[in-house]
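Undergrad: This is the structure I want to talk about, given as structure tokens.
The values are calculated or read from the model by the stated rules, or taken from the named source; none is laboratory data. Just so it is clear, the model here is predicted, and its values are computed rather than measured. All Cβ positions, glycine included, derive from the backbone under ideal geometry; neighbour counts span all protein chains shown. The protein model used for the area step is the full one, side chains on, heavy atoms only, and it has no ligands, DNA or RNA in it. Shrake-Rupley method; radii C 1.70, N 1.55, O 1.52, S 1.80 Å.
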Amino acid sequence: MATLIPVGVAGLGRYVPEKKLTNRDLEQIVDTSDEWIVQRTGIRERRIAGADQVTSTLALAAAKQALADANLDPMDLDLVICATVTGDQPFPATACRLGYDLGAKKAGGFDVAAACSGFVFASQVAAAMIQSGQHRNILVVGAEILSRILDYTDRNTCVLFGDGAGAAVYRPLSEAKRGEFLGGSICMEGGAEGVLAQPGGGSRHPASNSSVEQRLHFMKMGGTKVFRFAVRVFAELVNNVLEKYGRDQIGVIIPHQVNQRIIESAMEQVGLPMDLVFSNIERYGNTSAASVPIALREAFEAGRLQPGKLVVMPAFGAGMAWGHLLLRW
Ligand code: UT7
């Protein structure tokens, strides 16, 4: 077998829309309270995309920052992968618009639809393509405008989510010089459409007057099931890294920003302190595929990515699909 080319992270970027939706604002919209939301989730506010923005707009801003950080020109890119479940439209892929707007004229592109695990999965695809020598410079973006599929009459879901985008540029480690890709995992338990989904608009429930009347184009979720699932797989993923590398190697855990209580419960289960975790859920809520790369960029800015130490990124969500991404910074 040919030798694999080591892969690293050359650049990171993030973008969140300016408009904030606070818990107090939500109190005016649904029967909820700042106290309930903070206690049950840790969320205080989330960002909402402007009427003139689509998902590729957010992705573009994050991508530009990641490319500048990597010191690369869009023309250097071989591939653009966009992880999203709220793309500009069902098809064509949002990555095609993103590549066009960036001016990445030599790049191919496609989307990855894996909900909250999207960035973690897409990064592993990118890394494998660089390892094999097929491509050299790959942009991976996680971008979502969840506010467009939220039902603002459903307090079970609308308080939890927000909009944003995060990006990473992967290159051979010899050029990236940091963030060595050590591997990850991609797992699923299918048949869980009833737990967390946007039911309408696909072949199961095509758009119709009836699908609109039944509000099937909005996100539906059984929150408690997701809660239990998330704690279980989060703990399992971190335990696997602990067993293989040991406690001292772990520099920071950047989980999918799902709910502060989920993060705390999982950390308690694995017996690790909360100060190992980077969390920004308070400010952005759950931004699905964008959550890990936004937090990764912010952890980088905060000096939380320690040279030589592991960056562990567990993610989990609709599917049910979960997995992790592991870097050595
Ligand atoms: O990326 C994966 C996406 N999924 C998630 O992020 C969701 C994961 N799950 C969760 O975060 C939690 O399950 C929730 C935050 C959604 C709910 O927390 P919980 O502790 O599991 O509460 P619960 O579902 O057991 O609901 C408790 C009560 C219910 O009232 P009753 O039936 O006991 O009278 C709900 O109706 O809280 C009520 N409730 C609310 N009250 C005020 C649910 N949502 C709200 C709300 N404001 N926004």
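Undergrad: Could you list the chymotrypsin sites (Phe, Trp or Tyr not before Pro) in segment 118-186 that lie in coil according to DSSP, counting only those with at most 10 other Cβ atoms within 10 Å of their Cβ? Mind showing how you got there, number by number?
TA: Details: sites: Phe119, Phe121, Tyr152, Phe161, Tyr170, Phe181; in loops: Tyr152.
In loop regions of segment 118-186 (DSSP not H, G, I, E or B), there are no sparsely surrounded chymotrypsin sites (Phe, Trp or Tyr not before Pro).
Undergrad: A further question on this structure: Provide the packing ranking of 189-201, 85-97, i.e. peptides ordered by the mean count of other C-beta atoms within 10 Å per residue, highest first. The partial results should precede the final answer.
TA: Details: 189-201: 15.5, 85-97: 19.6.
So the peptides 189-201, 85-97, ranked by packing, come out 85-97, 189-201.
Undergrad: Sticking with this one: Compute the accessible area per residue over the chain, keeping the other protein chains in place, probe 1.4 Å, unit Å².
TA: Working: 14000 Å² over 329 residues.
For the chain, the per-residue accessible area is 43 Å².
Undergrad: Suppose the chain between Met274 and Gln306 were pulled fully straight at 0.36 nm per residue; how much longer would it get relative to their current alpha carbon spacing? Don't skip to the end; give the middle numbers.
TA: On the way: separation 32, 0.36 × 32 = 11.52 nm, distance 1.68 nm.
My answer for the length gained is 9.8 nm.
Undergrad: Moving on. Relative contact order, percent, of the chain when contacts are C-alpha pairs under 8 Å separated by at least 6 residues? Before the final figure, lay out each step's value.
TA: Numbers: 814 pairs, mean separation 83.9, N = 329.
Contact order relative to length: 26 percent.
Undergrad: Looking only at the chain, where both bridge partners belong to it, what percent of the DSSP beta bridges are antiparallel (to the nearest 5)? Working shown, then result.
TA: Numbers: 38 of 53 bridges.
Antiparallel bridges make up about 70 percent of those DSSP assigns within the chain.
Undergrad: Name the most mobile residue of Asp111, Asp52, Asp78, meaning the one with the largest mean-square fluctuation, in a Gaussian network model of the chain with Cα contacts below 10 Å.
TA: Its mean-square fluctuation being the largest, the pick is Asp52.
Undergrad: Hand me the tally of lysine pairs in the chain: alpha carbons under 21 angstrom apart, and the pair either on different chains or 8 or more positions apart. Before the final figure, lay out each step's value.
TA: Working: Lys19/Lys64; Lys64/Lys105; Lys64/Lys106; Lys64/Lys177; Lys177/Lys309; Lys244/Lys309.
Summing the qualifying lysine pairs gives 6.
Undergrad: Okay, moving on. Relative contact order for segment 172-261 using alpha-carbon pairs under 8 Å, separation at least 6, rounded to a whole percent?
TA: Working: 43 pairs, mean separation 18.7, N = 90.
Over segment 172-261, the number comes to 21 percent.
Undergrad: Taking R0 as 35 Å, what's the FRET efficiency between Glu35 and Phe110 from their Cβ-Cβ distance, rounded to 0.05?
TA: Values: r = 43 Å, r/R0 = 1.24.
With R0 = 35 Å, the Cβ-Cβ based efficiency is 0.20.
Undergrad: Looking only at Leu60, Leu21, Leu77, which one moves most when the chain is put into a Gaussian network model with springs between Cα atoms under 10 Å?
TA: Looking only at Leu60, Leu21, Leu77, the largest GNM fluctuation is found for Leu21.
Undergrad: Run the accessible area of segment 7-177 with a 1.4 Å probe and give the carbon-and-sulfur part as a rounded percent. The partial results should precede the final answer.
TA: Details: 3330 of 6860 Å².
Taking all protein chains in place, segment 7-177 shows 49 percent carbon and sulfur surface.
Undergrad: Describe numerically, in nm with one decimal, the distance between label points set 7 Å from Cα along Cα→Cβ at Asp151 and at Asn209.
TA: Each label point lies 7 Å from its Cα, and together they span 2.1 nm.
Undergrad: Okay, next question. Which residue, Ala235, Ala115, Ala127, tops the fluctuation ranking in a GNM of the chain built on C-alpha contacts under 10 Å?
TA: Top of the fluctuation ranking is Ala235.
Undergrad: Give, in nm to one decimal, the length gained when the segment between Arg178 and Glu18 is fully stretched (0.36 nm per residue of separation minus the Cα-Cα distance). Walk me through the numbers on the way to the answer.
TA: On the way: separation 160, 0.36 × 160 = 57.60 nm, distance 3.06 nm.
Additional length available on full extension: 54.5 nm.
Undergrad: Hey, another quick one. Could you work out the local net charge near Gly319, counting Lys and Arg as +1, Asp and Glu as -1, over the other residues with Cβ closer than 11 Å to its Cβ? Walk me through the numbers before you get to the answer.
TA: Working: positive: none; negative: Glu189, Glu193.
Around Gly319, the charge tally is -2.
Undergrad: Which percentage, to the nearest 5, of the DSSP beta bridges contained in segment 181-328 is antiparallel? Could you put the intermediate results ahead of the total?
TA: On the way: 17 of 21 bridges.
Antiparallel bridges make up about 80 percent of those DSSP assigns within segment 181-328.
Undergrad: Follow-up. Suppose only helical runs count, i.e. DSSP H with n ≥ 4. What mean residue ellipticity at 222 nm does that imply for the chain under -39500 (n - 2.57) per run, divided by all residues and rounded to the nearest 500 deg cm²/dmol? Mind showing how you got there, number by number?
TA: Working: 12 runs with 114 residues, N = 329.
Rounded to the nearest 500, the figure is -10000 deg cm²/dmol.
Undergrad: Dipole of segment 7-177, Cα-centred, from +1 at each Lys and Arg C-beta and -1 at each Asp and Glu C-beta, to the nearest 20 debye?
TA: 420 debye
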